[in-house]
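Notes for the one structure printed next.
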Amino acid sequence: MDERTLFHKIRDREIPAAVVFEDDEVMAFKDIHPKAATHLLFIAKKDRDFVPSIADLTEATAHVPLVLIRKAQKFAKEQGIDGYKLTFHVGKGGGQEVFYLHLHFLSEQKVKES
Ligand code: AMP
């Protein structure tokens, strides 16, 4: 059985996505159903950083949300975006649909197209 989530497949370029940022650790791509002028999803790329949800964090993965927040902060600064919301949906009851930890980045300010 394929245990990989949709975001594994986006990470591995098996499913296309509009990637706006990527480095060794993190990838950010546009949400397909945007809830703001800019709606991005930040994910950690390394297999050892994989965790389904905030609810599943352990000592080994506790750094991951901070890595995502830090990259989002740097990305916003580079883009000149000074107002934004960062959200984690936690569990089905919290509106989480994809069980690959991701940080929602929402802003009414737009990303500069490269
Ligand atoms: P969550 O509800 O926190 O699990 O968020 C999952 C997000 O993934 C939702 O906002 C969806 O709109 C978004 N999404 C679903 N499929 C895709 C896709 N193929 N590419 C980009 N975003 C997607």
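The values are calculated or read from the model by the stated rules, or taken from the named source; none is laboratory data. Note that the coordinates shown come from a computational prediction; the quantities given were computed from them, not determined experimentally. Methodologically, a virtual Cβ is constructed for each residue, glycine included, from the backbone with ideal geometry; neighbour enumeration extends over all protein chains shown. These area figures cover heavy atoms from the full protein model, side chains too; ligands, DNA and RNA do not enter into them. Shrake-Rupley method; radii C 1.70, N 1.55, O 1.52, S 1.80 Å.
When you look at residue 111, is it assigned to a loop (DSSP other than H, G, I, E, B), open to solvent by less than 80 Å² (accessible area, probe 1.4 Å) and within 20 Å of residue 17 (Cα to Cα), yes or no? Judged against the criteria, residue 111 is a match.
So, in segment 11-44, of the ones that are basic (Lys, Arg) and near the ligand (Cβ under 10 Å from one of its atoms), which residue ends up nearest to residue 96 (Cα to Cα)? Within segment 11-44, the match that is nearest to residue 96 (Cα to Cα) is 35.
I'd like to know if segment 9-19 contains one or more residues that are of a type in the set (A, V, I, L, M, F, W, C), over 22 Å from residue 113 (Cα atoms), modelled with pLDDT of 95 or more and not in a strand (DSSP E or B).
Within segment 9-19 (the criterion being of a type in the set (A, V, I, L, M, F, W, C), over 22 Å from residue 113 (Cα atoms), modelled with pLDDT of 95 or more and not in a strand (DSSP E or B)), the answer is no, since none of the residues qualifies.
Residue by residue, here is whether (1) at positive phi; (2) part of a helix (DSSP H, G or I); (3) basic (Lys, Arg); (4) open to solvent by less than 60 Å² (accessible area, probe 1.4 Å) holds:
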site	(1), (2), (3), (4)
24	no, no, no, no
29	no, no, no, yes
42	no, no, no, yes
72	no, yes, no, yes
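Of note, residue 77 satisfies the criterion of being open to solvent by 30 Å² or more (accessible area, probe 1.4 Å) and modelled with pLDDT of 95 or more.
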